[in-house]
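Every number in this text was worked out from the coordinates using simple rules, so none of it is lab data. Bear in mind the structure is a predicted one, so any value in this text is a computation, not a measurement. Glycine also receives a Cβ, built like all others from the backbone with ideal geometry; neighbour counts cover every protein chain displayed.
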Amino acid sequence: MSDIKILNTGKTWAHASVGTLKSFEGKQFVKEATGADSCEISFGSLPSGAAVPFFHSHKANEENYIILSGAGKFQVNDDVFDITEGSVVRVSPGCFRNLKCTSAEPMTYICIQAKSGSLEKYTAEDAEIGECKSLL
């Protein structure tokens, strides 16, 4: 398992890293390191032929899986389908899920977990354009 590194923080933000994704192994949750209060984000990696060792569901949270590299199979209850780099899979609460790496290279993914139905406004509806002096 990789260790998350807190790189720096401010009063209203946190910057952390799980390291180079090409060499990432295991599972790492980032909520505690970043102080997030709206969702849990985790990085996961499965070697060729490996699956998550259990099925699970959530009572109130949906999960969104983003496949960053590799390929495999995803199962939601009795449905099984192929996933590959670039796949995005959303799973509702109350559904059992699991994934397996079927590619020769490891499958690396991000999972974002948040309370189902909690997103009220997003993108332009929740944005406010402001002026700041650019320090970039």
With +1 assigned to the C-beta of every Lys and Arg and -1 to the C-beta of every Asp and Glu, and no other charges, what is the dipole magnitude of the range 5-117 about the Cα centre in debye, to the nearest 20? 260
Suppose each label sits 7 Å from its Cα in the direction of the beta carbon; what would the residue 57-residue 8 distance come out to in nanometres? 4.6
Compute log10 of I(q)/I(0) for the chain with the Debye formula, placing one identical point scatterer on every Cα and leaving out solvent, at q = 0.19, 0.20 Å⁻¹, to two decimals. -1.19, -1.26
What whole number of Å gives the distance from the Cα centroid of the range 1-73 to the Cα centroid of the range 81-127? 11
In nm, the gap between the two label points placed 7 Å beyond Cα toward Cβ at residue 17 and residue 40 is 2.6
Return the loop-located trypsin sites (Lys or Arg not before Pro) in the range 82-136 (DSSP other than H, G, I, E, B) with at most 16 other Cβ atoms within 10 Å of their own Cβ; answer none if there are none. 121, 133
